[in-house]
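All of the numbers you see were taken from the coordinates with simple rules; none came from a lab. Quantities reported herein were computed from a predicted structural model and do not represent experimental measurements. Neighbour counts run over all protein chains shown; Cβ positions are idealised from the backbone, glycine included.
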Amino acid sequence: MAGRSKTTIHRAIKSGKLSASKCEDGGWSIDPAELSRAYPGTGNGAVPMERSVTAARHDVELEQLRGERDRYRALAEERDETIRDLRARLDTEVEERRRLTLLLSPPAPQVSGVTSRVAGQARPGCGDRAGAAGAADLDLTHGGGGGFSEGDLIFW
């Protein structure tokens, strides 16, 4: 009737440019004389209604925001996939490093004979040889059979 959108009329009521009374159902009751005073030239209501510029602008902004949201969602999915891939690679590398460390590590020393010799204790059957030198450092009789075995060489 006034050739204005509902939003424009509502703003005019809120700003006081147009006086209206609120109905029981929540709508507004506007006197036609008041409407023609606030918006002259509206005549018989044959004037086409103007669309609010802000509504059109909001539609464009809304579409831009939706596009931006979709781009961010795609980036988030890509980031999450990259994180999953990197975690899987890291787990694989850790396992590979453990396996290689076990392969490249020297065997653990045998504690039984080595510890007693390092501590300077004599082997059973060899007597106290602390201070001996030269050929006496080799125990050629231990182990029997005339051959050498691991532990036959004693260093003092």
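Tabulated values for the structure
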{"quantity": "Amide H within-cut-off set for Trp28, under 5 Å, with H built and near neighbours excluded", "calculated": "Cys23"}
{"quantity": "Label point distance in nm, Ala33-Lys17, each placed 7 Å from Cα along Cα→Cβ", "calculated": "2.2"}
{"quantity": "Per-residue HN-Hα couplings for the range 18-25 [Karplus 6.51, -1.76, 1.60; θ = phi - 60°; Hz; x = Gly/Pro]", "calculated": "10, 9, 7, 10, 7, 8, 5, 7"}
{"quantity": "Quotient of Cα Rg and 2.2 N^0.38 Å for the range 52-103, N being how many residues it contains", "calculated": "2.28"}
{"quantity": "Contour minus Cα-Cα distance for Glu81 and Ala108 (0.36 nm per residue)", "calculated": "5.5 nm"}
